[in-house]
Structure formats: C-alpha cells, structure tokens
Amino acid sequence: MPTDRPEAVPDAFAAAWNAHDMAMLAALFHEDATFVNRFGHYVRGVDAIIALHRPIHDTIYRDSTLTNELIDVVPIGEGHALVHFWSRLAAGAAHPAGPHLVDTLLQAVLARGEGGWLIRAAENVTLTNPRTGEPMLRQDR
C-alpha cells in the first residue's frame, strides 16, 4: 500500500521487511521502479524487485529485522521527492555468518500517484571503512 507522506516510507519499508511480507513490500513500489541492492545488483520492475528479495527472506534473512531512521525529504518537483534514510539490518541465526548488524544508507525517489507515494527508484549502500573496504556500523547511533 502506498504511503500518504514521503516521510512515512522508511517505516513502511521496515514494516514490510520485518513481516517478511513480499506483497506488502511490493505495494511500496511503482510497477516500473528500479532497485539497486547493497551489492550493486540492479533490477527494474516491481516483479524483479520482489524476485530479488523473496529468496533472502525465505532463507538467510527469514529471522532478520530492520530499523530505519529518516534523514531527510527533499522535494524535487510537483509530486516528486527524494528520501534518504539510515537502515540497520539485524541478521539472525538463519544467516550463515550468524547474528550480526549491517548499516546502510538508502536513497529513494518517490512519486505521488492516485493512491499515495510510491518508490520509483531506490539504492541501498553499505557503510564501509574507506581505507579498508570493510563494512562498518554508524558511530553516531
């Protein structure tokens, strides 16, 4: 289901993730949306976005949780906005590496339609140490 406000997208995304509900996740995206995951895998179309997420929610992330924190909403024209938000993934015991945390930064381009705000494009970037390339957690959290 689309959100009624751009600033509601991070919480709606986390709710869908935490429910491991692919229909709920799909409802956040425009049918022709694009998504770049934290490993640089690009897909186009809501079906492809769900095909990218369903296998991990059935396996390694089936017991994961996500918490998101809005950074900003930037209007970029009539009925369009850019949203940035921090995301913390808590992987559970189902992950081969065991329980651990991953921090990412998501950027989403939103468009307002008849039903509300939908994600048209999203990119998820893992926080890394620029000197080593190793994933790192936010220190200001």
Among ALA51, TRP117, ALA16 the positive-end extreme of the charge dipole of the chain (Cβ point charges) = ALA51
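Apply 1/(1 + (r/R0)^6) to the Cβ-Cβ distance of ILE56 and LEU105, taking R0 = 22 Å, and write down the FRET efficiency to the nearest 0.05.
Efficiency computed from Cβ-Cβ geometry: 0.70.
Give the peptides 48-58, 109-119 in descending order of average Cβ contacts within 10 Å, highest first.
So the order, starting with the most tightly packed, is 109-119, 48-58.
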Report the relative contact order of segment 28-134, percent, no decimals, based on alpha-carbon pairs under 8 angstrom and at least 6 residues apart.
-> 26
What are the ³J(HN,Hα) values, in whole Hz, obtained from phi via the Karplus relation 6.51 cos²θ - 1.76 cosθ + 1.60 with θ = phi - 60°, for each residue of segment 116-126 in sequence order, with x given for Gly and Pro?
-> x, 8, 10, 7, 9, 8, 9, 9, 10, 10, 6
To the nearest 10 degrees, the tilt of helix 46-58 (Cα long axis) against the first principal axis of the alpha carbons of the chain is 30
Just from its helices, what would the mean residue ellipticity at 222 nm be for the chain, if runs of 4 or more DSSP H residues each count -39500 (n - 2.57) and the sum is divided by every residue, rounded to the nearest 500 deg cm²/dmol?
-> -6000 deg cm²/dmol
Going by average Cβ neighbours within 10 Å, how do the peptides 3-13, 21-31 rank, with the highest at the top?
-> 3-13, 21-31
Among (i) 1.16; (ii) 0.96; (iii) 0.99, the value of Rg/Rh (Cα atoms, Kirkwood Rh) computed for this structure carries the label (ii)
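Each reported figure results from applying straightforward, stated rules to the coordinates on display, with no laboratory input. Worth saying up front: this structure is predicted, and the values here are computed from it rather than measured. Cβ sites come from the backbone with ideal geometry, for glycine too, and all protein chains shown count toward neighbours.
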